Amino acid sequence: MPANVDGATLAQSVQAQVPGHFQDAQHSVANHRKNSVGLYRLHVQCAQLTEQTPRGTRLVGEKTFNEGFSRCLNRVLDVKKGVAAADRVCKFVATYAAYAIEQFALAAQRAGKRSDDTPGTRFVTILLKHLLKGFRGKDKNVRLRCCSCVALLVNVVESIDDELYQTLSSFLLERITDRESAVRVQATVALARLQGDDEEDTSTTRLLLHLLRHDPSAEVRRAALFNLTASPATLPYILERLQDVDATNRRCVYLGSLKMLADEEHGLGLGEHAVAEVVRIGLHERDPSVKKAARKLVHHWLETVAEGHVLVLLGMLHVARTDAGEAVVMALLEDDASVVDRVARQLRDHAQYWATVTPESALLARCFVLFCQAHQRETLLDACLPMVTELVFRIEAEYRALSVLLEQQANEENEDEDEAMPAIQDDSSLARIFVVNEMLALAIHCDYGDEMGRRKMFMLVREMLANAWLPAALIPRCLDVLLRLSSGQRDFVQMVVELVQELDADLVEEDGETSVQHALSWHARIESDPELAAHRAALDARRLLIVRTMLERVSCALQDNSAFHGLIPQLIVPAVRSKDAMVREEGLVCLGLCSLLDDKMALDTFPLLLDQIQRGTGTIQVRCVQCLFDLVVVHGVEALCRRSAEVAAQSEFDGDTERGMQFAQQQMVGFLLSLLEHDEPDVQTAASEGIAKLLLTGALHDDDVLKALVLIYFSPDTTENQPLRQCLSYFLPLYCSSHARHQRMVQRLFLDTLDLLTQVYLEKDTTQTMATPTQIALQLADWSNPEKLVLSVPDPTVHVDLAHSVLERLCMLEKGEERKALAALVSKFYLPDTLDERHVKGLAILAQAVRERAEESTLRTACTRLEAALEKRYAPLFANWAPSQAAADGTLQKDAFADLRSLLDALPPVRNEAPRRVRRTRTRKTPYVPKTSPSDESDEASSTGSESDA
């Protein structure tokens with residue numbers, strides 16, 4: 001610019017050129033670079049205009065440019081969220097700031113001047129200070145735009161002075177508590193970017209972790225998640241987001257944080273238990289998009305970390321100590337055909353694959369068999385499965401090695417019981433147990449047409465079960481193989497009974513002396529005195545475990561198995577009376593399983609379980625509750641109450657068996673519901689699961705039972721009982737959407753339940769958390785919505801009857817939380833396409849009565865909407881009729897409206913008051929940013945500073 005150009009001419013030039021660049025930038029991001037170049041030329045010209053004063057040099061040109069730039073930026077600061085043109089302008093501001101800093105720094109380097117004090121850095125500093133004025137503005141749009149611009153500018157600034165840093169930090173800390181979630185998102189991003197890459201700002205990290213865990217907005221939690229660096233300190237909190245209520249956040253954890261952790265140098269980047277949790281949660285997700293993201297993460301692990309080798313990946317998952325391996329292998333096989341081909345080639349070479357068996361190879365073989373069976377690939381399955389005889393030899397070799405290892409560990413423990421067992425021995429024993437377990441599972445799917453192989457497998461499994469020191473984890477697999485080899489369930493039960501009796505005979509023959517083979521392994525032995533009693537209790541527990549596992553696999557009646565009858569008085573009944581807690585627990589479980597198979601035994605077991613529930617403690621009490629509900633589900637309430645009904649009929653009802661049965665059933669249901677209020681959370685959880693099963697199976701169908709579950713679900717006393725909450729949060733929507741009868745139950749108990757929960761809400765402690773009555777009412781209405789029904793024909797009048805009862809209740813309530821909750825429902829009821837005259841006119845009359853007597857504007861508006869919806873949907877009924885004419889035209893005199901007539905007669909008269917004037921605020925559309933002339937630009941007076949002062 002020529003030296004003789006004055007400030008006025010420069011100001012006119014700025015006013016003429018700067019708006020044009022902003023005008024072009026709002027149309028497309030592609031021209032931002034070109035407009036930045038043109039704006040930089042003007043900026044250079046302005047930077048050359050200075051004025052010398054006694055106090056120093058005044059940057060007159062820079063001030064003119066900054067003011068012109070700020071005036072154009074102010075035009076978009078009050079534009080609402082989502083306007084693309086305003087978003088492009090904000091991006092253009094950041095683009096130009098980065099370009100100006102870069103070009104002025106290069107010019108300073110060429111001139112040999114400092115690059116940290118250039119017109120570009122001064123421009124960004126002034127722009128940041130200008131934007132900070134809008135951080136406290138009353139307009140939410142101004143706060144949002146200012147925060148978003150600051151977040152973009154902070155990302156392009158290499159360094160700022162300490163004073164501006166402290167100012168930015170303080171203002172951003174205020175905005176992360178803003179009532180608008182969009183503002184909090186931008187403030188979170190800016191605050192995270194303000195922290196340097198090499199700076200360990202623990203206060204900022206703690207703040208981001210707090211937002212990640214406690215902010216109610218999913219977008220804010222997502223912003224904090226994206227800006228947190230995964231480290232040993234932050235990783236546990238990042239993994240918490242795997243259970244975030246927002247599916248997008250859960251998906252971002254898999255495809256963002258966890259994916260960036262995995263590399264060839266650091267492996268998966270997760271600990272053993274963390275990997276197990278990630279796999280367990282991700283591959284069993286209900287949301288398909290999140291489950292797909294978890295599968296993508298598994299494939300990323302395979303290709304990036306394991307270099308395509310499945311066995312290498314399984315080794316990183318520690319499959320012998322966690323349950324993560326099977327889900328990972330099945331996901332890989334189902335999603336990638338190349339993995340199937342590679343695994344099939346490995347398994348076809350039986351000699352090489354089974355030469356050295358590892359936990360990873362054994363698991364891979366079993367999962368591949370399951371995959372082939374699920375997808376009906378019989379040819380591939382036959383080629384990969386080894387022969388039965390070969391498999392028997394492999395299992396026997398691993399079993400012998402496991403026996404030697406366990407015997408060695410038992411000897412070392414006997415020599416020095418004070419020293420802990422070496423970790424290598426523990427890991428090796430777990431690996432051996434896992435290998436034997438997987439190979440036994442593989443044996444279940446073999447073809448036993450080879451009689452010699454079948455006989456060898458039977459002898460091996462029988463030998464394994466006959467040893468008291470066999471690890472408990474192998475017993476279920478052994479019995480599965482034995483069931484596969486037996487000719488039927490009766491033959492299977494007889495073989496197991498013989499094995500159990502042989503275990504007892506071995507101890508008697510030893511006459512109190514226990515050998516290493518018949519002692520339990522070092523990690524499962526019970527230390528007690530005297531030693532013989534300890535071994536006896538441990539052996540009884542082992543025998544009961546075998547019996548329980550056997551009972552879980554049969555469904556035939558016990559009357560058909562005479563061989564089993566001797567075990568009940570010889571083993572199970574003494575175990576129930578045992579003083580050893582573990583033996584007594586196993587005995588009660590076995591007794592409950594026997595009762596499931598024999599209805600006569602169930603009548604004898606039922607009073608015993610009731611007694612143990614009242615007197616027992618700990619896990620025994622929980623087991624008894626579970627057994628009790630299983631008996632009720634299988635045999636029914638009426639069958640279990642038969643004896644008590646006979647007693648009640650003779651003593652209370654003069655031989656009336658029907659009334660006696662009703663009384664006994666009421667006593668039974670009352671006792672089951674009382675378990676929901678038990679002091680032990682585990683008992684509450686078991687009771688809620690049991691009652692949920694009874695409702696789903698139709699064994700119970702009383703309104704009071706469902707009401708009890710709803711009350712316990714919303715109660716503040718069960719906030720910490722997450723298993724109970726999770727059970728009911730899944731059961732209640734499923735139950736209500738499964739049949740129209742269930743939705744009718746919710747409609748009947750709606751008002752009473754809401755009234756009770758409202759009282760609980762008002763009386764709860766300040767430290768307790770609970771859903772508000774409005775939230776509870778909306779949830780109950782959603783459960784009873786006929787549109788949500790999926791498994792039966794809907795009842796279209798459920799919500800109509802609910803609306804009728806809600807409006808009647810509003811007529812009787814004057815104020816309070818319950819009235820506010822009901823008011824929120826008035827305009828949210830489902831109205832069917834066809835409805836009879838009684839329902840339509842009754843709703844219209846009630847809505848008018850509530851509206852005329854309501855003082856709340858929200859309730860009057862809701863009633864107006866309901867009336868309008870009724871008139872629109874059922875227009876023929878309103879052709880020559882209006883709710884105000886109901887009393888005059890005789891509508892209320894009909895018998896169908898008798899209850900409504902008596903309700904309206906009891907209401908106070910309508911007060912004739914002048915209608916209130918509602919103040920309406922005009923909303924203007926977002927202004928289009930036009931090209932302005934210099935004269936128009938000089939008259940503009942919008943600024944964020946005035947908003948801040950206001």
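Please specify each residue of the range 847-896 satisfying the condition of being more than 27 Å from Arg819 (Cα to Cα), of a type in the set (Asp, Glu) and not in a helix (DSSP H, G or I).
Listed by number, the list holds a single entry, Asp889.
Inside the range 509-621, counting only helices (runs of 4 or more DSSP H) that do not spill past its ends, which hold 3 or more residues that are at pLDDT below 85, exposed (fewer than 15 other Cβ atoms within 10 Å of the Cβ) and among the basic types (Lys, Arg)?
Counting at least 3 such residues, we get no helices (runs of 4 or more DSSP H) at all.
Give the residues of the range 101-155 that are in a loop (DSSP other than H, G, I, E, B) and within 23 Å of Thr64 (Cβ to Cβ), sorted by residue number.
Once the filter is applied, which keeps residues that are in a loop (DSSP other than H, G, I, E, B) and within 23 Å of Thr64 (Cβ to Cβ), the range 101-155 yields Lys113, Asp117, Thr118, Lys133, Gly134.
Conditions (1) in the same structural domain as Leu347 (by TED's automatic domain parsing); (2) β-branched (Val, Ile, Thr); (3) farther than 21 Å from Glu240 by Cβ, marked per residue:
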{"residue": "Ala276", "(1), (2), (3)": "yes, no, no"}
{"residue": "Gly282", "(1), (2), (3)": "yes, no, no"}
{"residue": "Glu285", "(1), (2), (3)": "yes, no, no"}
{"residue": "Leu297", "(1), (2), (3)": "yes, no, no"}
{"residue": "Glu307", "(1), (2), (3)": "yes, no, yes"}
{"residue": "Val310", "(1), (2), (3)": "yes, yes, yes"}
{"residue": "Met316", "(1), (2), (3)": "yes, no, yes"}
{"residue": "Val319", "(1), (2), (3)": "yes, yes, yes"}
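Quick one: would you say Val710 is under 21 Å from Glu817 (Cα atoms), under 22 Å from the mean Cα position of the chain (by Cα) and not aromatic (Phe, Trp, Tyr)?
Working: under 21 Å from Glu817 (Cα atoms): yes; under 22 Å from the mean Cα position of the chain (by Cα): yes; not aromatic (Phe, Trp, Tyr): yes.
Yes, satisfied.
For a quick check of your reading of the model, give me the residue pairs whose first member lies in the range 30-43 and is at pLDDT 90 or above, whose second is among the acidic types (Asp, Glu), with beta-carbon atoms closer than 7 Å and at least 6 apart or on different chains.
Taking only residues 6 or more apart or on different chains, the pairs are Asn31/Asp24; Asn35/Asp24.
Scan the range 319-331 and give yes if some residue there is surrounded by 16 or more Cβ atoms within 10 Å (Cβ to Cβ), of a type in the set (A, V, I, L, M, F, W, C) and under 22 Å from Tyr448 (Cβ atoms), otherwise no.
no
Go through the range 46-72 residue by residue and tally those that are over 24 Å from Lys91 (Cα atoms) and either outside the structural domain of Leu10 (by TED's automatic domain parsing) or part of a helix (DSSP H, G or I) (or both).
The qualifying residues number 2.
Which residues, counting only those in the range 628-667, are assigned to a helix (DSSP H, G or I), more than 34 Å from the chain's Cα centre (by Cα) and of a type in the set (A, V, I, L, M, F, W, C)?
Hits for the range 628-667 are Val637, Ala639, Leu640, Ala645, Val647, Ala648, Ala649, Met661, Phe663, Ala664.
Only residues that are closer than 19 Å to Asp611 by Cα and surrounded by fewer than 16 Cβ atoms within 10 Å (Cβ to Cβ): list them for the range 648-679, please.
Within the range 648-679, Gln666, Gln667, Gly670, Phe671, Ser674, Glu677, Asp679 meet the criteria.
Can you name the residue in the range 358-385 that is assigned to a loop (DSSP other than H, G, I, E, B) and without any contact (Cβ under 8 Å) to a residue 40 or more places away in the chain and, of all such residues, is farthest from Glu451 (Cα to Cα)?
His375
Yes/no matrix, rows are residues, columns are (1) in a helix (DSSP H, G or I); (2) at pLDDT 90 or above; (3) under 41 Å from the mean Cα position of the chain (by Cα):
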| site | (1), (2), (3) |
| --- | --- |
| Ala397 | yes, yes, no |
| Leu405 | yes, no, no |
| Asn411 | yes, no, no |
| Ala420 | no, no, yes |
| Gln425 | yes, no, yes |
| Leu440 | yes, yes, yes |
| Cys446 | no, no, yes |
| Arg455 | yes, yes, no |
| Asn467 | no, no, no |
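Residue under question is Ala97, and the condition is that it be crowded, with 22+ Cβ neighbours inside 10 Å and modelled with pLDDT of 90 or more; does it hold?
The answer is yes for Ala97.
Considering only the range 756-831, give the helices (runs of 4 or more DSSP H) lying wholly within it that have at least 3 residues that are more than 26 Å from the chain's Cα centre (by Cα). Give the steps one after another, and end with the answer.
On the way: elements: 773-783, 798-812, 817-823.
Ranges flagged: 798-812, 817-823.
All but one of (1) aliphatic (A, V, I, L, M); (2) exposed (fewer than 15 other Cβ atoms within 10 Å of the Cβ); (3) assigned to a helix (DSSP H, G or I) hold for Ala355; state the number of the condition that does not hold.
The one condition Ala355 does not meet is (3).
Select, from Arg213, Arg241, Arg222, the only residue that is of a type in the set (Lys, Arg), surrounded by fewer than 15 Cβ atoms within 10 Å (Cβ to Cβ) and under 20 Å from Val189 (Cβ atoms).
Arg213
Restricted to the range 668-696, and to residues that are outside any helix (DSSP H, G or I) and among the acidic types (Asp, Glu), which residue is farthest from Cys727 (Cα to Cα)?
If we take residues in the range 668-696 being outside any helix (DSSP H, G or I) and among the acidic types (Asp, Glu), then Asp679 is farthest from Cys727 (Cα to Cα).
What number of residues within the range 897-909 satisfy the criterion of being outside any loop (DSSP other than H, G, I, E, B), among the aliphatic types (A, V, I, L, M) and surrounded by fewer than 14 Cβ atoms within 10 Å (Cβ to Cβ)?
Total meeting the criteria: 2.
The values are calculated or read from the model by the stated rules, or taken from the named source; none is laboratory data. Just so we're clear, the structure is a prediction, and the values are computed from it rather than from any experiment. Reconstructed Cβ throughout: ideal geometry from the backbone, glycine too, with neighbour counts over all protein chains shown.
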